[in-house]
Amino acid sequence: MSQVIETIDVSVPVRTAYDQWTQFESFPEFMNGVESVTQTNPTLTHWKTKVAGVEREFDAEITEQHPDERVAWKSVDGKDHAGVVTFHRLGDSETRVTVQLDWEAENIVEKIGSAIGADDRQIKADLKRFKTFIESRGTETGAWRGDVAAG
């Protein structure tokens, strides 16, 4: 199983960073390789990705979500992966965002990419684009403040 943990500090309040992260359909604007995300209900998303020429579609379920604290998910079909993003208030307008992803590399290209750190670089670059996206806007594009208990 491969794992990536990356952190970035963003110059927006924790509520703004969290609220933007709950807008899954905006992910293609700052996540390289994500073609689209469709939220089919409050806890289910459908993803279309294209990474290194490989196209995939899968569904992911939100397994835990607490406003201004965390969002956790796991795949329910397709690629085996899970993750969590946490939000830590550093100040009135400063937030630390930490992403942890765990997944099973499915083919030799993915295994090599993981071994040479391509996944870490990709997540780090996506977080930098998230920082630019949210800081340049100064506000979220929307919000979902629901609470999903771990379960």
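See the values below:
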| item | result |
| --- | --- |
| Among Gly33, Gly53, Gly83: highest mean-square fluctuation, GNM of the chain, C-alpha pairs under 10 Å | Gly53 |
| Under 5 Å, built H, 5+ apart or other chain: amide partners of His81 | Ser75 |
| Asp147, Asp77, ranked by accessible area, largest first (probe 1.4 Å) | Asp147, Asp77 |
| Per-pair calculated FRET efficiency, R0 = 22 Å: Met1 and Lys128 via Cβ, rounded to 0.05 | 0.30 |
| Å² of accessible area per residue within the range 13-71, as computed with a 1.4 Å probe and no ligands counted | 46 Å² |
| Over the chain, relative contact order from alpha-carbon pairs under 8 Å, at least 6 apart, % | 34 percent |
| In order through the range 90-97: 3J(HN,Hα) via Karplus (6.51 cos²θ - 1.76 cosθ + 1.60), integer Hz, x for Gly, Pro | 9, x, 4, 9, 9, 9, 9, 10 |
| Ser136-Leu44 FRET efficiency (beta carbon distance; Förster radius 41 Å; 0.05 resolution) | 0.85 |
| Spatially near lysine pairs across the chain, Cα under 18 Å, sequence gap of 8 or more or different chains | 6 |
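The values are calculated or read from the model by the stated rules, or taken from the named source; none is laboratory data. It should be emphasised that the depicted structure is a prediction, and the values quoted were computed from it without experimental measurement. No Cβ is skipped: glycine too gets one built from the backbone with ideal geometry, and neighbour counts run over all protein chains shown. Just the protein is used for accessible areas: all its heavy atoms, side chains included, with ligands, DNA and RNA removed. Shrake-Rupley method; radii C 1.70, N 1.55, O 1.52, S 1.80 Å.
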